[in-house]
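Just below is one structure, and these are the notes that go with it.
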Amino acid sequence: MSSSESSSAESRLATAKTVLTTAASVAAFAMLAKSLVQDYLPDEVHQYIAYGFRTFFSYLSSQMTIIIEEFEGFVHNEVFESAEAYLATKISPSHKRIKVSKHEKENNYNVTVERDEEVIDTFNGVKFRWILHCHQVESKNFHNPRDLNYTLKSKVRSFELSVHKKFKNS
């Protein structure tokens, strides 16, 4: 091996080390920032910041995303219920997490996707990506005489459906 090949290899190794070190530093900073935001900022501010990042990155993305919330005001969203029923038919053993339940008066089991589980579906050659998102909402306006520090918690659920923008009008 000549000295020029050796110095070229050393240069590439030094560049690779620099890139990896920088990537590790950026990742560590991002994790620290996320932790600080979650721990010290009110949920509303946290959601606003997350919305800003989603909006910024959506301009760069080739994907279009549709949000399907479980409730529209206080009324169940039929689109959410239909999506949940549809996705139950798409769950396969390859999924890492699924949710199974059975109500006392029902004969059948309910099988649904678990929070943050991704389901990939293809229809007429078009790839769709479904993700179920859930987050806790706390309401301190509920009075429980047995526990004065009681906080009523509920889950807000929504599906995120993503498809390539070129199929937007298909």
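Bear in mind that the values in this text are calculations on the coordinates, not laboratory data. In this text the structure is predicted, and so the values were computed from the model without any measurement. With ideal geometry, Cβ positions are generated from the backbone for all residues, glycine too; neighbour counts draw on all protein chains shown.
Miscellaneous remarks
- Linear extension gain, E104 paired with M31, 0.36 nm per residue minus alpha-carbon span: 22.0 nm
- Around the amide H of E117, modelled in the peptide plane, lie the amide H atoms of L132, all under 5 Å away and 5 or more residues distant in sequence or on another chain.
- In terms of its alpha-carbon gyration tensor, the stretch 1-60 comes out oblate; a/c meets the 1.5 threshold, while b/c is at least as large as a/b.
- Given the chain, longest segment not containing exposed loop chymotrypsin sites (Phe, Trp or Tyr not before Pro) (DSSP; at most 16 other Cβ within 10 Å): 1-73
- Projected label points at E81 and L13, each 7 Å from Cα along the beta carbon direction, are separated by 6.5 nanometres.
- When Rg/Rh (Cα atoms, Kirkwood Rh) is calculated for this entry, the matching label among [x] 1.00; [y] 1.12; [z] 1.30 is [y].
- Hz values of 3J(HN,Hα) by residue in the stretch 107-123 - Karplus curve (6.51, -1.76, 1.60), Gly and Pro given as x: 8, 9, 7, 9, 10, 9, 6, 8, 3, 6, 7, 9, 10, 9, 10, 10, 9
- Computed extension length for V126-R157: 8.6 nm, one decimal, from 0.36 nm per residue of separation with the Cα-Cα distance subtracted.
- The stretch 82-120 residues near the modelled Q136 label - backbone nitrogen below 15 Å, point 7 Å along Cα→Cβ: none
- Between M64 and V163, H164, K165, the built amide H atoms are under 5 Å apart, and every one of these is 5 or more places off in sequence or on another chain.
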